[in-house]
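Taking it in order: structure first as C-alpha cells, then the write-up.
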Amino acid sequence: MSDALSFETPRIEPIKSVPWEGEHEFAGNCAVGNMRHGLLATMKAALKSDRVHAETLLALTGMMAGFSASFAAWSEDNTGRSMKVGRGQDGRVYAFGETIEKYIVRKQEGVATFWMYAAAGPSNAGVPPARVTELPYREITQHVINTVGGPDFGKIRVPEPHQVGFKVLDTLPIWEAVRANLGRSDHVGYNGKPLPARFWPSVLGLVTQQYIGMTKDVLDPLLGFQIALESAVAASAVVVPAPANP
C-alpha cells in the first residue's frame, strides 16, 4: 500500500484563525471545549483517578483525530475509489491514500489538518520548529503500513517509561461517543447544523495542542506530539464507518 502515500514532511506555519469561522464558528468552538473536557473526563473515569497519564491522554486524542480523518475521508468519498482499500491480517477493512492523509498532514488549499494545529503544541512550549518537522513521519507511516491488521498494529512505540496502555482498535467504543458528540446539532447555537466532518481532525488537533501545553511539565512536549501523531496516523487507516462493499 505504500504507493498511495508520498511521505511529504509537513511544515509548521503560524495559525491566525480556525477553519470553521463564520457559519460554523459556534459549533467548532464548542466542539473544541467539549472534546478537551470530555476526553480528559473519559480518562479519569477509566482510571478511577483524578490523575491522568499524559502519554495515554495524548495517544487517545491522536487516535480520535485519526478516526475523524478516516470518517471525513469516507464522508467525502463513500465509494473508496480515491483510496487504497484492503483487508488486514485480522480481516478488518483498512484504507490509505491522499483523501485520508490530507486531513492528517498533507497541505492542500482549503483543508485544515491535524498537524497544522497539534504541531503548534511543542512549538508553543519552546521546542524549535525545526525539531518538530524532523519527526520521522515517513517512518511512522511506513510502520503503520507494514503492521496494519497484525498484532503490532496500533501499538504506539515509545520508550519503556512512556508506554501507552492500549492499542488503536481498543478505543473504537470511545470513538463512537466522540463521533456522536462532534456530529450533534441539537445545541441552540448550532442552528440545526452539525459541524462538518472535514473540521473534526482540526478540532482534535487543537485539543492535542492544548493537552501538550497542559502536560509539558511532566512529559517532553516533542515526545507528546510524536505519540499523538503516530496514534493519529495508525487510527486514520481504520475504516470508520466501514463501507458497504469494501
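The values are calculated or read from the model by the stated rules, or taken from the named source; none is laboratory data. Bear in mind the structure is a predicted one, so any value in this text is a computation, not a measurement. Quick reminder, even Gly has a Cβ in these numbers, built from the backbone with ideal geometry, and neighbours come from all protein chains shown.
Scanning segment 198-233 for residues that are over 13 Å from the mean Cα position of the chain (by Cα) and of a type in the set (A, V, I, L, M, F, W, C) gives Ile212, Met214, Val218, Leu219, Leu222, Leu223.
Entry remark, segment 56-99: residues being within 20 Å of Gln226 (Cβ to Cβ) and either small (Gly, Ala, Ser) or crowded, with 24+ Cβ neighbours inside 10 Å (or both) number 13 in total.
Do you know which residues across segment 114-140 are hydroxyl-bearing (Ser, Thr, Tyr), under 16 Å from Ala69 (Cβ atoms) and at pLDDT below 90? Selection gives Tyr137 alone. Just so you know, in segment 151-197 the residues that are closer than 19 Å to Ser231 by Cα and among the basic types (Lys, Arg) include one that is surrounded by the fewest Cβ atoms within 10 Å (Cβ to Cβ), and it is Arg157. Can we say Thr99 is modelled with pLDDT under 95 and in contact with a Lys or Arg (Cβ under 7 Å, 6 or more places away or on another chain)? Considered against the rule, which asks whether it is modelled with pLDDT under 95 and in contact with a Lys or Arg (Cβ under 7 Å, 6 or more places away or on another chain), Thr99 comes out as no. Against the condition in a helix (DSSP H, G or I) and more than 17 Å from Gly66 (Cα to Cα), how does Leu223 come out, does it pass? Criteria met by Leu223.
Of these, Val148, Val218, which one is exposed (fewer than 13 other Cβ atoms within 10 Å of the Cβ), touching a residue at least 60 places away in the same chain (Cβ under 8 Å) and not charged (D, E, K, R)? Exactly one of Val148, Val218 is exposed (fewer than 13 other Cβ atoms within 10 Å of the Cβ), touching a residue at least 60 places away in the same chain (Cβ under 8 Å) and not charged (D, E, K, R), namely Val218.
Please name all residue pairs, on different chains or six or more residues apart, with Cβ atoms under 6 Å, provided the first residue is in segment 67-81 and is within 12 Å of Val239 (Cα to Cα) and of a type in the set (S, T, N, Q) and the second residue is at pLDDT below 95 and in a loop (DSSP other than H, G, I, E, B). Listed pairs, sorted by first residue: Ser70/Val240.
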